[in-house]
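Enquirer: This structure is in structure tokens; I'll ask about it shortly.
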There are 2 protein chains.
Amino acid sequence: MNIGQASSASGVSAKMIRYYESIGLIRAPSRTESNYRVYGSDEVHVLRFVKRARTLGFSVEETATLLSLWQDKSRASAEVKDIATGHIAALETKINELQGMVNTLTHLAHCCGGDNRPDCPILDDLAGETISMKGH
Amino acid sequence: MNIGQASSASGVSAKMIRYYESIGLIRAPSRTESNYRVYGSDEVHVLRFVKRARTLGFSVEETATLLSLWQDKSRASAEVKDIATGHIAALETKINELQGMVNTLTHLAHCCGGDNRPDCPILDDLAGETISMKGH
DNA sequence: CTTGACCTTACCATCATTGGAAGGTTTATA
DNA sequence: TATAAACCTTCCAATGATGGTAAGGTCAAG
């Protein structure tokens, strides 16, 4: 199986497969005489694992750890759970940050006429002028 | 006022002030004889505006637009509101993505013993093995 | 034997920010 | 006054994950 087929089969772009190989996340596969990478179902399985982990927001580094734990048949699930719960906490922190931005902006947009007049509470806020929170 | 003081006064690092200048987000200030940048309260005000916009998650490009609207006394607030509401929508999309990850991971972590045994539903999921959703 | 679809490596770009190196200036202190 | 510390300057590089492109080699079908 060439890289293009491995890509289709795993959902990881050929570009990224080469990149993951270059940073050592996945092992370099064997090559044909003409230097083409050759993949089998094992490699595709690994690529799918990586794809899924990345989709769930794990960093490449975390993915590397999860991958090695996956391949270590004697690992304790506690270690995996720690990574997952740490990641959940990080995601929640990020969500809270974004939600804070949304709340502030929603309030500002709500106060803003959005008409043809130049008066704009959003810009006033950005400029550092305080906005009344009365009624909120 | 030197760049260090402008940095402290605005919360934007000296490094970023120079960067913002280099990409044309802010205007190049005058210089002393010895080539030091000189800032006044107007420039600091602009830097604070930029800082606040970035804190609210606006991209540098959006910030540039907001800045020019801010400095255009005759702009219509509708234009500003459009940018803000578009940004809110983008933030909410991102939040939903992250929340989806959290939900999936929370479910997996909940199913995972987190003990010394090697059996781990989290890794099973990453490996592509389906997990029962019974009871959820 | 040509064409087109594949593969290879090697760069460059993104986005916002930080870091460092190598050198010049100003200020405070010994 | 000498010198050291704390500034400032420009330039270059790295981050993380991915996309793009260019220049070239290979393979299969027509």
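Enquirer: Enter the mean projected area of the convex hull around the alpha-carbon atoms of the protein assembly as shown, in nm², rounded to one decimal. Don't skip to the end; give the middle numbers.
Expert: Values: hull surface 89.5 nm².
Directional mean of the projected Cα hull area for the protein assembly as shown stands at 22.4 nm².
Enquirer: Over all directions, average the projected area of the Cα convex hull of the range A:1-72 and note it in nm².
Expert: That works out to 4.5 nm².
Enquirer: Between residue A:103 and residue A:124, what FRET efficiency follows from the Cβ-Cβ distance if R0 is 22 Å, with the result rounded to 0.05?
Expert: Details: r = 17 Å, r/R0 = 0.79.
About 0.80, to the nearest 0.05.
Enquirer: Need the C-alpha centroid separation for the range A:77-110 versus the range A:1-39, integer Å.
Expert: Using only Cα atoms, the two centres lie 34 Å from each other.
Enquirer: When the Karplus curve 6.51 cos²θ - 1.76 cosθ + 1.60 is applied with θ = phi - 60°, which whole-Hz ³J(HN,Hα) does each residue of the range A:34-39 get, with x for Gly and Pro?
Expert: 8, 6, 7, 5, 10, 10
Enquirer: Give the range of the longest stretch in chain B that excludes all trypsin sites (Lys or Arg not before Pro) found in loop regions by DSSP and having at most 14 other beta-carbon atoms within 10 Å.
Expert: Values: sites that count: B:27, B:73, B:134.
After excluding every exposed loop site, the longest remaining stretch is B:74-133.
Enquirer: Identify the residue of chain B whose Cβ lies closest to the rotation axis that maps chain B onto chain A, and give that distance in whole Å.
Expert: B:95, 3
Enquirer: What are the label-to-label distances in nm, one decimal and shortest first, from residue A:19 to the same spot in the other copies, with labels 7 Å along Cα to Cβ?
Expert: Its label point is 2.0 nm from the equivalent points in the other copies.
Enquirer: Mind giving me the FRET efficiency for residue A:59 and residue B:79? R0 is 35 Å, r the Cβ-Cβ distance, nearest 0.05 is fine. The partial results should precede the final answer.
Expert: Details: r = 38 Å, r/R0 = 1.07.
After rounding, the FRET efficiency stands at 0.40.
Enquirer: Interface B/A, total buried accessible area with a 1.4 Å probe, nearest 100 Å²? Walk me through the numbers before you get to the answer.
Expert: Working: alone 9640 and 9630 Å², together 15080 Å².
For B against A, buried area totals roughly 4200 Å².
Enquirer: Next up: Under the 0.36 nm per residue contour assumption, what length would be gained going from the current alpha-carbon distance of residue A:9 and residue A:110 to full extension?
Expert: Working: separation 101, 0.36 × 101 = 36.36 nm, distance 4.72 nm.
Length gained, residue A:9 through residue A:110: 31.6 nm.
Enquirer: Take the alpha-carbon positions of the range A:48-120, form their convex hull, and give its projected area averaged over all directions (one quarter of the hull surface) in nm².
Expert: Over every viewing direction, the Cα hull of the range A:48-120 projects on average to 7.2 nm².
Enquirer: Can you pull out the chymotrypsin sites (Phe, Trp or Tyr not before Pro) in the range A:44-136 whose DSSP state is coil and whose Cβ has at most 13 other Cβ atoms within 10 Å?
Expert: On the way: sites: A:49, A:58, A:70; in loops: A:58.
Passing sites in the range A:44-136 do not exist.
Enquirer: Calculate, for residue B:22 and residue B:90, the FRET efficiency according to 1/(1 + (r/R0)^6) with r their C-beta to C-beta distance and R0 25 Å; round to the nearest 0.05. Working shown, then result.
Expert: Values: r = 26 Å, r/R0 = 1.04.
Plugging the Cβ-Cβ distance into 1/(1 + (r/R0)^6) gives 0.45.
Enquirer: Do any GluC sites (Glu not before Pro) in the range B:25-68 lie in a loop, going by DSSP, with at most 15 other beta-carbon atoms within 10 Å of their beta carbon, and if so which?
Expert: On the way: sites: B:33, B:43, B:61, B:62; in loops: B:33.
Those that pass, being in a loop and sparsely packed, are B:33.
Enquirer: Place a +1 charge on the Cβ of each Lys and Arg in the protein assembly as shown and a -1 charge on the Cβ of each Asp and Glu, then give the dipole magnitude about the Cα centre in debye, rounded to the nearest 20.
Expert: On the way: 30 positive and 32 negative charges, 83 e Å.
The calculated dipole for the protein assembly as shown is roughly 400 debye.
Enquirer: Using a 1.4 Å probe, what is the accessible area per residue for the range B:7-79, in Å²? Let's see the in-between values first.
Expert: Values: 4150 Å² over 73 residues.
Spelled out: the 1.4 Å probe surface of the range B:7-79, per residue, equals 57 Å².
Enquirer: Additional query: What relative contact order, as a whole-number percentage, does chain A give when Cα pairs under 8 Å and 6 or more residues apart are counted? Numbers along the way, then the final one.
Expert: Numbers: 74 pairs, mean separation 19.7, N = 136.
RCO, chain A: 14 percent.
Enquirer: Obtain the radius of gyration and the Kirkwood radius of chain B from its C-alpha atoms and give Rg over Rh.
Expert: 1.26
Enquirer: Can I ask one more? Per the 1.4 Å probe, what fraction of the accessible area of the range A:1-117, in percent, lies on carbon and sulfur atoms? Mind showing how you got there, number by number?
Expert: Values: 3120 of 6350 Å².
The nonpolar share, carbon plus sulfur, comes to 49 percent.
Enquirer: Follow-up. Based on Cβ point charges of +1 for Lys and Arg and -1 for Asp and Glu, what charge dipole magnitude is obtained for chain B about its Cα centre, in debye rounded to the nearest 20? Please list the in-between numbers first.
Expert: Values: 15 positive and 16 negative charges, 156 e Å.
With only Lys, Arg, Asp and Glu charged at Cβ, the dipole is about 740 debye.
The values are calculated or read from the model by the stated rules, or taken from the named source; none is laboratory data. Since the structure is predicted, the reported quantities are computational estimates derived from the model, not experimental observations. Positions of Cβ are backbone-derived with ideal geometry, glycine not excepted, and every protein chain shown enters the neighbour counts. Note: areas computed on protein heavy atoms with side chains; ligands, DNA, RNA excluded. Shrake-Rupley method; radii C 1.70, N 1.55, O 1.52, S 1.80 Å.
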